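Chemist: Before anything else, here's the structure in question.
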């Protein structure tokens, strides 16, 4: 019975994650949101602010088209490098750290 309950919990968890996936924006909407996120990112002045920003925009960034998501990821990695966070981030690392768009990693 315990195993069946665990499987049910896993299925429910998967359903919740699927239900929260947002559709990808149309190209114009994606480009506009990407530009806004890049503008916001450029204004950040500390690694802590950048990390907070990354978590805050994660859901909307995940609705970007893959090419726009990659632009945001690359800009985030570059920003973290210039802020002297004590770690040199690679864009692929930022994917893991910020939950960046899954299709952008391919």
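Chemist: As an exercise: evaluate residue 88 against (1) loosely packed, with under 13 Cβ neighbours inside 10 Å; (2) in contact with a helix residue (DSSP H, G or I) (Cβ under 8 Å, 6 or more places away or on another chain); (3) at pLDDT 95 or above and give the number of the one condition it does not meet.
Modeler: Only one criterion is unmet by residue 88, namely (3).
Chemist: Surrounded by 17 or more Cβ atoms within 10 Å (Cβ to Cβ) and either touching a strand residue (DSSP E or B) at 6+ places or on another chain (Cβ under 8 Å) or modelled with pLDDT of 60 or more (or both): does that describe residue 94?
Modeler: No: the conditions fail for residue 94.
Chemist: While we're here: So which helices (runs of 4 or more DSSP H) stay within segment 1-83 end to end and still have 2 or more residues that are exposed (fewer than 13 other Cβ atoms within 10 Å of the Cβ), modelled with pLDDT of 90 or more and out of contact with any helix residue (DSSP H, G or I) (no Cβ under 6 Å at 6 or more places or on another chain)?
Modeler: 27-42, 47-61
The values are calculated or read from the model by the stated rules, or taken from the named source; none is laboratory data. Keep in mind that what you see is a predicted model, and the values were worked out from it rather than measured. Note: ideal-geometry Cβ built from the backbone for every residue, glycine included; neighbour counts use all protein chains shown.
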